[in-house]
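What follows is a set of notes on a single structure, which appears directly below.
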Amino acid sequence: MVDILISYAIYICPSPPARPSSDRGEEVYISSPNPQGMCEAESKSSVLFIATVAAFLPAFANSAINVALPPIGVEFGMDAVLLGWVVTSHLLAMAVFMVPLGRAADIWGRKRFFTLGMGIFAASSLFCAFPSSGSALIFFRLFQGMASAMIFGTAVALLTSVFPPGERGRALGINVTAVYLGLSLGPFLGGILTSYLGWRSIFLVNVPLGAWVVLLTLRRLEGEWVEAAGERFDWLGSSIYALALISTVYGLTSLPSAAGAGFLALGLLGLLAFGLVELRSRSPVLNVRLFRDNRVFALSNLAALINYGATFAVAFVLTLYLQTVKGLSPLAAGFVLASQPAVQAVLSPWAGRLSDRIEAQVVASAGMGFVAAGLLLLALGLDGETGLGFIVAVLALLGLGFAFFSSPNTNAIMSSVEKRDYGVASGMVGTMRSIGMMASMAIAMTFLSIFMGRVQVTPEVYPQFLEAVTAVLSVFFVLCVLGIFASLARGKVRRGE
């Protein structure tokens, strides 16, 4: 699949002119920060606007689908664990394709892979709107996740390419704001769409918007960004990486069964083999030496992995809780869930600017502390009688923590590497997010399976469901505390160029 996408991307988007490289003595593509001959400020604005709009769409789709899960479950007869795969399938595809396609974009052009990703996103959204079964929906969500990988794996790299270190935090903060604005509006607009137009409308709105971004990109950005031109693509490493990751995720989501433990062990061994292969590769798909030799890069990515692993499934379990135990409509549940990403969307640009002045280990660690406090409050206070005001207040606290963590941590990762690794670093940001989200969903689905079994959430199992939610939130709190130490240990950022 990866080789087909790469071949198609190269075919539909011709390369810019080549020139000899004075430092490597080989032909490389011209990296153009000024498409269409625009001034530098206008070029930056164009890239920022397009990357920001693109960041909004997958985030909106992922957030909006949460409030539509109960109606989808009723229509297709899906239990809570299978509904989790509607979310997890998208994340799995993102994780599998993020790094290989981010590396391919470094070699053959970030703009062309970004454009292709937006096109696939729009097309796959159309198919997701009309599945014949729950299994078909999960299948089409895989393609939507692959497209999201192409978008996220290149958008941050494009921003990092055109914004210098002193301005990068602000740009990345705006980009993160778009992500969490999508997450904010997702529950609200998703609730409206599901209540009045049905859950299929959540996917249909992405079709014209995705097509518009494609046209905007082709019209406004005529240059190309290729920092690793002439290097070889690592097909062997990419294949091992994909198979190992699929086995690991399937194993996690199949626990506590013996088969799940077996797949998990096989996947972890595959990831170890991947690391050994990449250390010997002359042009690795993932420069694992960055993890070995770059402490800021390694620990910042670890902090991101823990943060997303400890938080993503909160929305999943809360949407089930609000629409079953509390009996709220999808629209009302969306209002409640929107409080967390709304706070984050407002504060992320400011947190990003702050990370240009204050070390990320301080700002991001404080954010992780706020998140840990919010998770502890939910774990201790959530039951059948919990008031909505308490839930909204805690979600707002989580939003504050996410804002202080996400933008500074992303800025730290991207500023700790050289330009030729921007695509891989951008892909790694998305990969840590995707793997963390999948781990979060795996933890939630495992506890739901242990406490409830493979049944739909009905009044008969509400006590077991609440026990599972409390266990999930408790595990998330412990993970978040560990994340604080990882964030503090990263040290000062080396501003790459």
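Structure notes:
- Rounded to the nearest 10 degrees, the inclination of helix 80-108 to the longest alpha-carbon principal axis of the chain is 10 degrees.
- The range 332-443 shape via C-alpha gyration tensor axes, a/c threshold 1.5: prolate
- Take every Cα pair under 8 Å whose residues are at least 6 apart in sequence, average their separation, divide by the length of the chain, and the relative contact order is 24 percent.
- Spacing of the two label points (7 Å from each Cα toward its C-beta) at Glu167 and Glu467, in nm: 5.8 nm
- The count of lysine pairs in the chain that are at least 8 places apart or cross chains, and whose C-alpha atoms lie under 25 Å apart, stands at 4.
- Approximate spin-label separation Arg282-Val392, in nm, with each point projected 7 Å along Cα-to-Cβ: 6.2 nm
- When each of the peptides 287-299, 334-346, 95-107, 456-468 is scored by how many other beta carbons lie within 10 Å of its residues on average, the order from highest to lowest is 95-107, 334-346, 287-299, 456-468.
- Secondary-structure-derived ellipticity at 222 nm for the chain, considering helices only, amounts to -26500 deg cm²/dmol, per-run term -39500 (n - 2.57) for DSSP H runs with n ≥ 4.
- Model label zone, Val74; criterion: amide N under 13 Å from point 7 Å along Cα-to-beta-carbon; scope the range 291-330: 323-324, 327-330
- If you take all other residues with their beta carbon under 15 Å from the beta carbon of Trp85, and give Lys and Arg +1 and Asp and Glu -1, the sum is +1.
- Put the Cα centre of the range 273-315 next to the Cα centre of the range 65-129 and the gap is 22 Å.
- The Cβ shell under 11 Å around Arg353 holds other residues with a net charge of +1, Lys and Arg each +1, Asp and Glu each -1.
Every read-out reported here was derived from the displayed coordinates using simple, explicitly stated rules and does not represent laboratory data. Every value quoted in this text rests on a predicted model; they were computed, and no experiment measured them. A quick note on method: Cβ atoms are made from the backbone with ideal geometry, for glycine too, and the neighbour counts reach across all protein chains shown.
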